[in-house]
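Written out below as structure tokens is the structure these notes cover.
Throughout, read-outs are computed from the coordinates displayed, never taken from laboratory work. Since we're looking at a predicted model, the values are computed, not measured. Using ideal geometry, Cβ is built from the backbone for each residue, glycine included, and neighbour counts are taken over all protein chains shown.
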Amino acid sequence: MMKLPVKCPSCDEQLRVSKLICSSCETEVLGKYSLPILMLLEVDEQEFVLQFLRNSGSLKEMANQMGKSYPTVRNKLDDLIVKLNVLQNEQ
């Protein structure tokens, strides 16, 4: 699966959504929209967030499933929280 680009390949600025198309009736919506903040995360970070939600926020369970230590998983979550705060402040 191709990853949706979020940074401009020319100047590295954040991309915005400008066109949406219905695959059923071909209705088009034009405008300038920001990407949802979770889409600005790397694919592995998005998967981590999904796994966190599926495990009802249990880092202990995630650590068991991932075969990693609790502190490692906790640090990953802390890093994501910092990154999300930075991304939110940039919008």
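Using only the Cα atoms of the chain, build the gyration tensor, take square roots of its eigenvalues as a ≥ b ≥ c, and label the shape rounded, prolate or oblate: rounded if a/c is under 1.5, else prolate if a/b is larger than b/c, else oblate.
In terms of gyration-tensor shape, prolate.
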As straight-line cross-link partners of LYS60, the qualifying lysines (C-alpha separation under 17 Å, not fewer than 8 residues apart within one chain) are LYS68, LYS76
The size of the Cβ-based charge dipole (Lys, Arg +1; Asp, Glu -1) of the chain about the Cα centre, to the nearest 20 debye, is 180
The chain: relative contact order from alpha carbon pairs under 8 Å, six or more residues apart, as a whole percent, is 18
Honestly segment 9-56 on the Cα gyration tensor test (a ≥ b ≥ c root eigenvalues; a/c under 1.5 rounded, otherwise a/b vs b/c for prolate or oblate) is just oblate
Once the dipole of the chain is set up from charges on Cβ (+1 Lys and Arg, -1 Asp and Glu), the residue from the list LEU30, GLN65, LEU50 lying farthest towards its positive end is GLN65
